[in-house]
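Take a look at the structure set out below.
The values are calculated or read from the model by the stated rules, or taken from the named source; none is laboratory data. All values reported here derive from a predicted model rather than from experimental measurement. No Cβ is skipped: glycine too gets one built from the backbone with ideal geometry, and neighbour counts run over all protein chains shown. Just so you know, the surface numbers come from the protein's heavy atoms only, side chains and all, with ligands and any DNA or RNA stripped out. Shrake-Rupley method; radii C 1.70, N 1.55, O 1.52, S 1.80 Å.
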Amino acid sequence: MRSVNAIIQELDRIVSHPRVMLEKYLGKGKKVVGCFPIYIPEELVHAGGMIPMGIWGGQVSPAIAGKYSPTFTCSIMRSCMEFGLTGKYQGLSCVLLSVLCDTFRGTSQSWRIGVKDIPIIPFIQPQNRESKAAKEYLIAEYRSVRNRLEEITGCKITDHALSKSIEVYNRHNQTMREFAEVANEHLDVVSAKNRHAVMKSSHFMEKAEHTGIVQELIAGLKALPVCEWKGKKVILTGITAEPNELLDIFTANKIAVVGDDLAQESRQFRTDIPDGDNPMERLTDQWFLRKGCSLVFESHRCRGDMLINQLKENNADGIVVCLMKFCDIEEYEYPIIAQQIEDAGYPTLCIEIDQSTQDNEQSRTKIQSFTEMINDRRP
Amino acid sequence: MFTVGIDIGSTTCKSVIINDGSIIVGRAIVPFGTGTIGPKRVYQSVLDSCGLSRDDIERTLVTGYGRFTFDDADNQKSEMSCHAKGVNFIIPSARTIIDIGGQDAKALRINPNGMLEDFVMNDKCAAGTGKFLDVMAGILNVKVADLGIISEHSQVEVSISNTCTVFAESEVISKLSMNVAIEDIIAGIHRSVAKKVAALVYRNGIVKDVAMSGGVALNKGVVGAMRKELKTDILVHEDCQLAGALGAALFAWEEAVKANRCSQTQKNNE
Amino acid sequence: MSEESKRITQRPVPLSRIMVNEQTAKVYEDALETKKRGERIAWSTAIYVQEICETLGVPVLYPENHSAALAAKHYGEDLIQYAEGNMRYPMNICSYARINFAFADKLKDPNYEWPSPAMPLPDLLLLANNSCVQLTKWYQNLSDTLGVPAFFIDMLYNFTEEKASAYKVKYIRTQIEEAITALEAFIGRKFDWDKFSEIQKRSALNNKLFKEIIALNVHKPAPLNGFDLFNYMAPMVICRGKESTTDILLQLKKEVEENIKNNTSTYPVDQEHRVFWEGIACWPCMRHNLKTLRNLGINAVTNGYVTAWDINYEPTNLDGMAAAYNFASTNSKSTPTVARLRSDLIKKFGCKGMICHVNKSCKVMDFHVFGGRDLIQKYTGVPIVNFDGDQGDSRSYSEAQFETRIQGLAEIMKQNKEGNHA
């Protein structure tokens, strides 16, 4: 059995070099389909015998994306455009994009116009989930995604294969949730950066394969003595918490991440696909079960309560809002959520996430001050 | 027992020596920031200012933008905690602190013991920071230190509406070409900084008294504009620029006392 | 200065403008009166299915229109500062929303001296997200903080040039039906389907008139200063289904035709260049926009924004209505569609240049401006210039940048003109 550290190192390597995984799958004769953030019915891709691979941009200062994307739009989308335009995503059969915000609307067009060699399949999940027509609409929308996928890749997607893929994904979700729990017993090993590597690597691997590795990791962790964490504990919320240099600042201040509500991490794994007879219906039903996410409209928003529960359950000291710069969706929600959490008696810290800069100095100062503050407050 | 606090800013280094955590005995400010000879020089100057040598110093704590790159200190702390501590020492009634530094503007809320309760910082953008004033002074060809005095002569404050430094630059140039009096432009610049920073303060909630620290607090124009924006009085101490360094020195003293007590207990136990 | 004022003769305000102002004032007054009587009023996004509440007789106010009005009167700055400071909203979200959040929060204080127009707090919200997704978040927050329900019609972005498939239309149509039923119950009034179809017809008539008026500006010289269209949009935004709008448009049409007959224009100086304006007006900076354009003899004879309320459907056909609303806003269309529409207008109106407002508050529009630039240039060959600005936040606009860029455009257009003559 490999050591815990060896497994984490492997996952970290995958996160740092996703291109290697892309080449590996292509080398095995697999087709790979790019999945934009945040909610893509990857199971359709998987059922076609293809590899769904997340595209979440990367730390880059865009040189040519500026032709299509204004500087005041989300840096993830700008990085994705930059990589698309400069051939970094070559090898992808196509990309899937769910139009859940205005920048997605724009990117669906920029991509069509600018990245000619990789076809894009845009689609939209219904936001008015209370309408009785929403489900029928989404089934038809997913069906059209399925048809387009088949057309472009030539891979057949059968109901039978889809049912199997759904099981693979549900199993993966459960495994990731188990990891998050077990990790909290071993915060000395599972630092903020390591936790992130385990979570994010799932975007670049076939899910059954990833499940296997994470289960191996869980077993390894369970074999270690439980750690009494002496430092502070926080929950992260937002779209992403990257890069590693930023996460290392938490560790340097003896802060552990004991839970997250990040779109790139736990929001991916917290909602299973429900049981049922028809796999397309099941896939659709998952959308109606999603809760507490800024990108999914709720007439009774429950994100604040979910975060407060997470704080209590994990005995955490505060919430760190990782606010993706220029992500208007999160920017609308931030004041409401922060107020709710503070009213419940917990401190919040807001740090800015921006893929277009390597500069973490301001976050370093903020995180240090936050630590000093909560150390004073709850010795 | 002497302790030293050093505040290494982006454009200036400040240092304070205190005796037994209660009296300021040495002060120094050098106009060079992190990455220069500033940190070394300010340390030497502060020692010279009170005739002490390094051997006399029990403990040194460093804060500010360059706090991670200074090797001669025993510990480091963030500028938020240090400003909170320092201002609490010189203005004990202060509950809200506004600190406009070269890179960052911050609003801090502190409790009566000088502990940080909450803080907000500016977006990553030069608007509302000392950097903004530097750029503007450059265009107007005046010294940053003179901005405050010049603006006192303003008759009609003009509006500088842009928050973006590049845009504000062209706005100022166009005012100049329209022969708007320089003091009126500067008054407008001060108001623009004040507006931006006031938004931070409101975010934190205003609890009186309100004090300003940092070098920009010496600029009466900005302080005046802040008073107007916040509709409240703002206290400024003559040592406002040294508040961060002072806080650092106070933390150094607390740590030294704690360390001594520990070693004392250890000795007693032996 | 004095020379300029000699050149520009002060004209009396046209009757149509007075009628617009009176109509707008009345809409706000009616809402205030209704509220005082203890009845319900609504706040609505700009391209909601207005026919529903018009039928139910519920007064509707439009925060987008209201924020624009406040911004134009320079009340925006303080409210924006309040939203960013006291309410912690980041400066990157739509300025209309920031102004509205601050306004709504201040309204809770009974002693608040509200700036005109006075917009009372809503009892219900009407939300359609065809213009953008930010609206969804904006209204979600209003619904949360004000504790009032949002009647939501979720629209679908048209990412290709194809017509919306039947299953999409069905989703939207069903939501319209659901909104009618839910509003009927909430308001406690029976929905009158005959009145509904009358209002649909009235809306279609107003729409047709407005399009005819816009089209009259193809004449040379243009009878209207293109920026006037921004002001005449108010009736189309806030009173699209009302008879008073028909009256205004008929009067306006008469005035415009009169101008054509007399070879006159509301544009105050010689029209050296005709250009197309893309994007929403920079309301707080419109005076400077106009002055800069006027000094160079540029008339922005038409713009993309006024076409946003071009909602065409056959009255009584709910599917048609659903499809039309889903395709109404520029921001619900694909970039190639928008580029094609704009190019057609540029050619039809004889525009020799295009000015694009890169509006920090309106990201989808900006993506069209960026991504569509090459297409429009290919179709029309006209020079295109972008400038940075914002519909409601004057801090994102630079006078010097605007002047320099417009002057550059004028120089290119002059060269092109002379080149063509040579």
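The table for this structure:
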item: Complete set of residues in the stretch C:108-128 that are among the hydrophobic types (A, V, I, L, M, F, W, C), more than 14 Å from C:H74 (Cα to Cα) and open to solvent by 30 Å² or more (accessible area, probe 1.4 Å); result: C:L121
item: Among the candidates C:I93, C:I99, C:I153, residue that is more than 10 Å from every other protein chain (Cβ to nearest Cβ), at pLDDT 95 or above and either in contact with a His (Cβ under 8 Å, 6 or more places away or on another chain) or open to solvent by less than 20 Å² (accessible area, probe 1.4 Å) (or both); result: C:I99
item: All positions within the stretch B:18-51 that are in a loop (DSSP other than H, G, I, E, B) and under 20 Å from B:F251 (Cα atoms); result: B:D20, B:G21, B:S22
item: Hey, C:D388 within 27 Å of B:L176 (Cα to Cα), within 19 Å of the chain's Cα centre (by Cα) and open to solvent by 20 Å² or more (accessible area, probe 1.4 Å) or not; result: yes
item: Pairs with Cβ under 6 Å, 6+ apart, first in the stretch C:278-294 and closer than 14 Å to C:L229 by Cα, second open to solvent by 20 Å² or more (accessible area, probe 1.4 Å); result: C:I280/C:Y305; C:W283/C:A72
item: Failed condition for B:G128, given (1) away from chain A (no Cβ under 12 Å); (2) outside any helix (DSSP H, G or I); (3) out of contact with any helix residue (DSSP H, G or I) (no Cβ under 6 Å at 6 or more places or on another chain); result: (3)
item: Considering residues of the stretch B:52-65 that are more than 14 Å from chain A (Cβ to nearest Cβ) and assigned to a loop (DSSP other than H, G, I, E, B) only, the residue surrounded by the most Cβ atoms within 10 Å (Cβ to Cβ); result: B:L52
item: Single condition A:F370 does not satisfy, out of (1) touching a Leu at 6+ places or on another chain (Cβ under 8 Å); (2) surrounded by fewer than 22 Cβ atoms within 10 Å (Cβ to Cβ); (3) in contact (Cβ under 8 Å) with a residue 24 or more places away in the chain; (4) more than 14 Å from chain C (Cβ to nearest Cβ); result: (2)
item: Set C:P120, C:P90: member being outside any helix (DSSP H, G or I), under 28 Å from C:G241 (Cβ atoms) and not polar (S, T, N, Q); result: C:P120
item: Spans of strands (runs of 3 or more DSSP E) in the stretch C:296-397 with at least 2 residues more than 14 Å from chain A (Cβ to nearest Cβ); result: C:298-303, C:353-359
item: Residue match in the stretch A:147-160 (condition: within 14 Å of another protein chain (Cβ to nearest Cβ), more than 18 Å from the chain's Cα centre (by Cα) and polar (S, T, N, Q)); result: yes
item: Count - residues of the stretch B:66-87 that are polar (S, T, N, Q), assigned to a loop (DSSP other than H, G, I, E, B) and more than 9 Å from every other protein chain (Cβ to nearest Cβ); result: 1
item: C:A118 being modelled with pLDDT under 95 and in contact with a Leu (Cβ under 7 Å, 6 or more places away or on another chain); result: yes
item: Boolean, B:D99 is crowded, with 24+ Cβ neighbours inside 10 Å and either away from chain A (no Cβ under 11 Å) or under 18 Å from the mean Cα position of the chain (by Cα) (or both); result: yes
item: Odd one out for A:E331, checked against (1) open to solvent by less than 30 Å² (accessible area, probe 1.4 Å); (2) more than 10 Å from chain C (Cβ to nearest Cβ); (3) not hydrophobic (A, V, I, L, M, F, W, C); result: (2)
item: Residue match in the stretch A:304-318 (condition: surrounded by 19 or more Cβ atoms within 10 Å (Cβ to Cβ), over 24 Å from A:E181 (Cβ atoms) and more than 10 Å from chain C (Cβ to nearest Cβ)); result: no
item: Near pairs, Cβ below 7 angstrom, 6+ apart or cross-chain, from the stretch C:156-174 (at pLDDT 95 or above) to any residue that is assigned to a loop (DSSP other than H, G, I, E, B) and open to solvent by 50 Å² or more (accessible area, probe 1.4 Å); result: C:N158/C:F327; C:T174/A:K132
item: Within the stretch A:89-201, helices (runs of 4 or more DSSP H) holding 1 or more residues that are open to solvent by 10 Å² or more (accessible area, probe 1.4 Å) and of a type in the set (S, T, N, Q); result: A:134-153, A:159-183, A:192-201
item: Filter pass, C:T145 being among the hydroxyl-bearing types (S, T, Y), out of contact with any strand residue (DSSP E or B) (no Cβ under 9 Å at 6 or more places or on another chain) and either within 30 Å of C:F349 (Cβ to Cβ) or in contact (Cβ under 8 Å) with a residue 12 or more places away in the chain (or both); result: yes
item: Any chance B:A168 is of a type outside the set (F, W, Y), open to solvent by less than 60 Å² (accessible area, probe 1.4 Å), farther than 30 Å from A:E342 by Cβ and more than 14 Å from chain C (Cβ to nearest Cβ); result: no
item: Qualifying residue in the stretch B:137-156 (condition: more than 14 Å from chain C (Cβ to nearest Cβ), open to solvent by 30 Å² or more (accessible area, probe 1.4 Å) and within 24 Å of C:S396 (Cα to Cα)); result: yes
item: Breaking point among (1) closer than 17 Å to A:T240 by Cα; (2) open to solvent by 30 Å² or more (accessible area, probe 1.4 Å); (3) under 21 Å from the mean Cα position of the chain (by Cα); (4) more than 14 Å from chain C (Cβ to nearest Cβ), for A:F326; result: (4)
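Every residue, every condition in (1) at pLDDT 95 or above; (2) farther than 27 Å from A:N194 by Cβ; (3) of a type in the set (F, W, Y), yes or no:
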{"position": "A:M1", "(1), (2), (3)": "no, no, no"}
{"position": "A:Q9", "(1), (2), (3)": "yes, no, no"}
{"position": "A:G29", "(1), (2), (3)": "yes, yes, no"}
{"position": "A:W56", "(1), (2), (3)": "yes, no, yes"}
{"position": "A:G66", "(1), (2), (3)": "no, yes, no"}
{"position": "A:S69", "(1), (2), (3)": "no, yes, no"}
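One line per residue, one yes/no per condition, for (1) out of contact with any helix residue (DSSP H, G or I) (no Cβ under 7 Å at 6 or more places or on another chain); (2) basic (K, R); (3) outside any helix (DSSP H, G or I):
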position	(1), (2), (3)
A:W287	no, no, no
A:C293	no, no, yes
A:G304	no, no, no
A:K312	yes, yes, no
A:E331	yes, no, no
